[in-house]
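**Q** There's a structure below that I have some questions on.
The values are calculated or read from the model by the stated rules, or taken from the named source; none is laboratory data. This structure is a prediction, so every number in the text was calculated from the model and none was measured. Every residue, glycine as well, gets a Cβ built from its backbone with ideal geometry; the counts of neighbours run over all protein chains shown. Ligands, DNA and RNA are stripped out before the accessible areas are found, and what is left, the full protein with its side chains, is counted by its heavy atoms. Shrake-Rupley method; radii C 1.70, N 1.55, O 1.52, S 1.80 Å.
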2 protein chains.
Amino acid sequence: MMKKQLIMEQALELFAEQGIDATSVQQITDKCGISKGAFYLSFKSKDELILTVLDDFIKRFISDIDYVVNNREKENLLYEFYLSILNFFNEHSNFAKIFVKQQNFYISKEFIIKLEEYQQLFDRTVFKLVDRYYGDKVEDNKYDLAYCIQGFMKLYADLFFSMDIPVDMNRLCQSLVEKTDLIAAHTTIPVITKKISQLMNKPSCENYSKDEICTLIQQELQEMEESIEKDSLILLKEDLSNPKLSPALLNGLLENIRHHPQCKWISYLLRSYYAFEK
Amino acid sequence: MMKKQLIMEQALELFAEQGIDATSVQQITDKCGISKGAFYLSFKSKDELILTVLDDFIKRFISDIDYVVNNREKENLLYEFYLSILNFFNEHSNFAKIFVKQQNFYISKEFIIKLEEYQQLFDRTVFKLVDRYYGDKVEDNKYDLAYCIQGFMKLYADLFFSMDIPVDMNRLCQSLVEKTDLIAAHTTIPVITKKISQLMNKPSCENYSKDEICTLIQQELQEMEESIEKDSLILLKEDLSNPKLSPALLNGLLENIRHHPQCKWISYLLRSYYAFEK
DNA sequence: TTGACAATTGACTCAGTAGTCATTAGTATA
DNA sequence: TATACTAATGACTACTGAGTCAATTGTCAA
């Protein structure tokens, strides 16, 4: 509902400004113009709020970037990749501030695990990028390259929020592409080898199962209003348990829902699911 | 005294484990096996403790790295630079954990300013490195290169503490040198230009004056025991107000004190002072 | 208009924090 | 041993912030 959204927005702003731990529930409710009690009608605890806000954005982020990596033409793929990331950070700078400097606020064990899982999903996306864009041109240094790409992304994202500096986004992305190309083409001593890469991502996280995705869609449908998106989602759900539609139709349905904030994640999961099935 | 050192060490451990804000004075005193009152005999406040711990390490870090940049042969300079940094992080991994991910703990305005000043001093050291190692080979991309070097340093430092992964330090440094060389030699689109670099470091921080250094030495002398280091420091102080000694003698005295933890910073300040005078 | 129900409030509890200070323990000197 | 002094203690104060819940306000069908 509306109240929940309001709280999330205002909270995010305070989180980015002062840090998560330093922001009290009282401050959030004051900023929203509601009472403390009202807050606990929308969220069970402050922890749940934090988790919901971050989870929400991370899912949107991964979904968006993964879409770009899978669907843009190969020629400009790396450029488009950097551009989408930096645009996302720019548009959601409050989130980015918290996300990029994974600051040390207290978070529960379960959320740490969740974050690690997301990190792994994003790693996969970056690997896909490297495979599509560089193909056979990189081999041994593939893992090191992926690590560097994420490093560049974070390093130059700092420019937006640590300091407010006028950035020419086009030039920035071109520069990142140039740097990445250099490292891809000439690295002879990779640090992150395949072995080390595996060590880093200990618990190999599973793909979501068909049933899990169905459940998620079911939950989502209940909160949605009548729309093209909702109808598309219903069709997608039916086709999951009883496949009939052609790839083209499926793709169209996925396209329909991918801009809907709440559907982004489902769209991402489905795309991963179908890619895996093939 | 001993007690103060004990508190600083135990506190740093807890800070790295749980975060600074999440660590209470009670926890620290419990870990030290002393009472809460005893803590306040050594430090005026928790803030003072935090400040002292971080300040102490940052000074040691900058002093060490700056020494390497100024005194090692040019051939292996970049390699030695990365090696010293990563060794320092490795030896003081608790400090590094806090330092590299500049986490969002509450700190006073004055300390933020202090941190920015230190950042600037370190920037200077990196510029010196670039100048000495690459000389005229880099020009336009000098500032971008320095930014990347610091990025590489932080990115790969993560390997030590985010995850505990066996790292071949020699190979790692060679790899970083290779990457840096690539970017130095072939970058045509620098992001961080001279202009942007200046924007980033708004308040140009001054060198310490002769008098300030004298005062610092005076304070230090009172806490030191009789030793070669103390005698050297006395001689250096006399020579500051009344220069007599030859460069060779001065250099020898500076060498004498540079390994003493408490003198490192003074040694750094004096070296910067003399370099500036020339 | 009434009464039943839902939404909202904010004073309150409770746990945990930084910092204080009267009291005690320990030590060195005469 | 008596005395003077310092070092150390931990119960205490004052305060903050998360979460609760009895009381109040708002809504709407009858």
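**Q** Look through segment A:245-259, keep the residues that are within 21 Å of the chain's Cα centre (by Cα) and not aliphatic (A, V, I, L, M), and return whichever of them is surrounded by the fewest Cβ atoms within 10 Å (Cβ to Cβ).
**A** A:His259
**Q** Based on this model, can you work out whether B:Glu206 counts as charged (D, E, K, R), open to solvent by 50 Å² or more (accessible area, probe 1.4 Å), out of contact with any helix residue (DSSP H, G or I) (no Cβ under 8 Å at 6 or more places or on another chain) and modelled with pLDDT under 85?
**A** yes
**Q** Going by what's in this entry, would B:Tyr67 be described as in contact (Cβ under 8 Å) with a residue 12 or more places away in the chain, more than 16 Å from DNA strand D (Cβ to nearest atom), open to solvent by less than 10 Å² (accessible area, probe 1.4 Å) and assigned by TED's automatic domain parsing to the domain that holds B:Tyr134?
**A** Considered against the rule, which asks whether it is in contact (Cβ under 8 Å) with a residue 12 or more places away in the chain, more than 16 Å from DNA strand D (Cβ to nearest atom), open to solvent by less than 10 Å² (accessible area, probe 1.4 Å) and assigned by TED's automatic domain parsing to the domain that holds B:Tyr134, B:Tyr67 comes out as no.
**Q** Oh, and also: Which of the following residues is part of a helix (DSSP H, G or I) and away from DNA strand D (no atom under 16 Å from the Cβ): B:Thr52, B:Thr29?
**A** B:Thr52
**Q** Identify all residues within segment A:241-254 that are over 21 Å from A:Asn71 (Cβ atoms) and either in a helix (DSSP H, G or I) or of a type in the set (Lys, Arg) (or both); write none if there are none.
**A** If the condition is that a residue be over 21 Å from A:Asn71 (Cβ atoms) and either in a helix (DSSP H, G or I) or of a type in the set (Lys, Arg) (or both), then A:Ser241, A:Lys244 are the ones that fit.
**Q** I want to confirm something. Restricting to segment B:32-49 and keeping residues that are in a helix (DSSP H, G or I) and more than 13 Å from DNA strand D (Cβ to nearest atom), which single residue is most open to solvent (accessible area, probe 1.4 Å)? Spell out the reasoning first.
**A** First pass over segment B:32-49, keeping only residues in a helix (DSSP H, G or I): B:32, B:36-42, B:46-49.
Next cut, more than 13 Å from DNA strand D (Cβ to nearest atom) only: B:46-49.
Working: B:Lys46: 51, B:Asp47: 71, B:Glu48: 54, B:Leu49: 0 Å².
Per the criteria, the residue is B:Asp47.
**Q** Kindly provide the set of residues from segment A:15-26 that are within 8 Å of DNA strand D (Cβ to nearest atom) and either outside the structural domain of A:Gln5 (by TED's automatic domain parsing) or part of a helix (DSSP H, G or I) (or both), ordered by number.
**A** If the condition is that a residue be within 8 Å of DNA strand D (Cβ to nearest atom) and either outside the structural domain of A:Gln5 (by TED's automatic domain parsing) or part of a helix (DSSP H, G or I) (or both), then A:Val25, A:Gln26 are the ones that fit.
**Q** While we're looking at this one, here's another question. Can you tell me which residue among A:Leu176, A:Leu182 is in contact (Cβ under 8 Å) with a residue 60 or more places away in the chain and surrounded by 13 or more Cβ atoms within 10 Å (Cβ to Cβ)?
**A** A:Leu176
**Q** Within the set of pairs 6 or more residues apart or between chains, which connect a residue that is within 14 Å of B:Thr180 (Cα to Cα) inside segment B:119-137 to a residue that is basic (Lys, Arg) and part of a helix (DSSP H, G or I) with Cβ atoms less than 6 Å apart?
**A** B:Val130/B:Lys142
**Q** Can I ask one more? Quick test of your reading of the structure: B:Glu238 fulfils all but one of (1) modelled with pLDDT of 90 or more; (2) within 14 Å of chain A (Cβ to nearest Cβ); (3) open to solvent by 50 Å² or more (accessible area, probe 1.4 Å). Name the failing condition by number.
**A** Result: B:Glu238 fails condition (2) only.
**Q** Being more than 16 Å from DNA strand C (Cβ to nearest atom), closer than 30 Å to B:Leu254 by Cβ and of a type in the set (A, V, I, L, M, F, W, C) is the requirement here; does B:Val68 meet it?
**A** yes
**Q** Report whether or not B:Asp239 is of a type in the set (Asp, Glu) and in the same structural domain as B:Tyr133 (by TED's automatic domain parsing).
**A** no
**Q** Taking helices (runs of 4 or more DSSP H) that fall entirely within segment B:109-216, which contain at least 1 residues that are facing chain A (nearest Cβ under 8 Å)? Talk me through it step by step, then tell me what you get.
**A** Details: elements: B:109-134, B:142-161, B:169-186, B:194-200.
Qualifying helices (runs of 4 or more DSSP H): B:142-161, B:169-186, B:194-200.
**Q** Just to check your reading of the model, which residue among B:Gln262, B:Gln218, B:Gln222 is more than 16 Å from B:Ser63 (Cα to Cα) and open to solvent by 80 Å² or more (accessible area, probe 1.4 Å)?
**A** Result of the check over B:Gln262, B:Gln218, B:Gln222: B:Gln222.
**Q** Can you name the residue in segment B:92-106 that is within 14 Å of chain A (Cβ to nearest Cβ) and surrounded by fewer than 17 Cβ atoms within 10 Å (Cβ to Cβ) and, of all such residues, is nearest to B:Asp21 (Cα to Cα)?
**A** By that ranking, first place goes to B:Tyr106.
**Q** Give me a count of the residues in segment A:155-171 that are modelled with pLDDT of 90 or more and not charged (D, E, K, R).
**A** The total comes to 5.
**Q** Have a look at A:Phe81, A:Phe127, A:Phe89, A:Phe111 and point out the one that is of a type in the set (Phe, Trp, Tyr) and open to solvent by 10 Å² or more (accessible area, probe 1.4 Å).
**A** Selected residue: A:Phe127, the only one of A:Phe81, A:Phe127, A:Phe89, A:Phe111 that is of a type in the set (Phe, Trp, Tyr) and open to solvent by 10 Å² or more (accessible area, probe 1.4 Å).
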